[in-house]
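Here's the structure we're looking at; comments come further down.
The values are calculated or read from the model by the stated rules, or taken from the named source; none is laboratory data. This structure is a prediction, so every number in the text was calculated from the model and none was measured. So basically every Cβ, Gly included, is an ideal-geometry build from the backbone, and we count neighbours across all protein chains shown. When the accessible area is computed, the model is the full protein with side chains, heavy atoms only, and any ligands, DNA or RNA have been set aside. Shrake-Rupley method; radii C 1.70, N 1.55, O 1.52, S 1.80 Å.
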Amino acid sequence: MKKIMFDDRFGLTDDVLAGRKTMTRRLVKLPQGVTPDDIDHCFKNEKGEFMLSSKKFGHMKIRPQYEKGEEVAVSQSYKTIHKSFFSVKTQHGFDLRVAAANGTEDIHGLAGWQNKMYVKADLMPFHIKISSVRVERLHDII
């Protein structure tokens with residue numbers, strides 16, 4: 001399972017979990033040597049793949065990071081999840097799962113205790129389903 005991270009400095013993870021944030025934009029990596037100025041047109045082909053059209057490079061296929069219908073885990077630090085559980089029994093169960101997955105007894109010393117970049121997606125309790133994927137050029141976004 002993949003995970004998706006939102007910026008906590010602006011409270012975006014909390015907004016996603018509360019249902020206030022329902023859309024995100026992610027940058028797509030262009031093929032090596034291609035600049036945004038080289039792209040003339042972007043479209044979906046008959047297979048639903050995103051294609052870039054360029055006079056200089058011809059047609060190029062790009063693959064977005066997430067696909068429609070995919071379920072991804074909302075990344076949170078273990079500490080944040082630990083504090084959000086209400087019952088001690090549930091909290092203890094989560095601690096045991098994290099410890100077992102990481103092969104340690106001290107989950108407070110794990111890199112993922114404070115940094116959500118290092119957590120395992122399978123241990124995240126909250127998931128979202130990608131309902132739509134589209135390509136937009138930055139200067140076309142109003």
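Details
- Computed lengthening from MET51 to TYR118, 0.36 nm per intervening residue step minus Cα-Cα distance: 20.8 nm
- Spatial extent of the range 37-142: Rg and Dmax, with the Cα atoms as the point set, Å: 20.5, 62
- Per residue, the accessible area of the chain comes to 72 Å², computed with a 1.4 Å probe over protein heavy atoms only.
- Measuring between their Cα centroids, the range 1-67 and the range 76-113 lie 32 Å from each other.
- Counting only DSSP H runs of at least 4 residues, each contributing -39500 (n - 2.57), and dividing by the residue count of the chain, the helix-based mean residue ellipticity at 222 nm comes to -6000 deg cm²/dmol.
- Extension gain, ASP37 back to GLU70 (0.36 nm per residue minus Cα-Cα distance, nm): 8.8 nm
- Cα-Cα over 23 Å, subset of LYS44/LYS120; LYS89/LYS129; LYS3/LYS29; LYS44/LYS68; LYS2/LYS29: LYS44/LYS120; LYS89/LYS129
- Heavy-atom accessible surface of the range 37-126: percent carbon and sulfur, 1.4 Å: 51 percent
- DSSP bridge pairs, the chain: antiparallel proportion in percent, nearest 5: 85 percent
- Across the chain, Cα pairs under 8 Å and at least six residues apart give a relative contact order of 27 percent.
- Radius 14 Å from Cβ of ALA111, net charge of other residues (Lys, Arg +1; Asp, Glu -1): +2
- The solvent-accessible area of SER132, taken with every protein chain present and a 1.4 Å probe, is close to 80 Å².
- Annotation note: trypsin sites (Lys or Arg not before Pro) in the range 54-142 located in DSSP loop regions with a Cβ neighbour count of at most 11 within 10 Å are LYS55, LYS56, ARG134, ARG137.
- Ranking by accessible area, most exposed first, for TYR78, TYR66 with a 1.4 Å probe: TYR66, TYR78
- Inter-label distance, nm, simple model (7 Å from Cα along the C-beta direction), ARG134/LYS2: 1.9 nm
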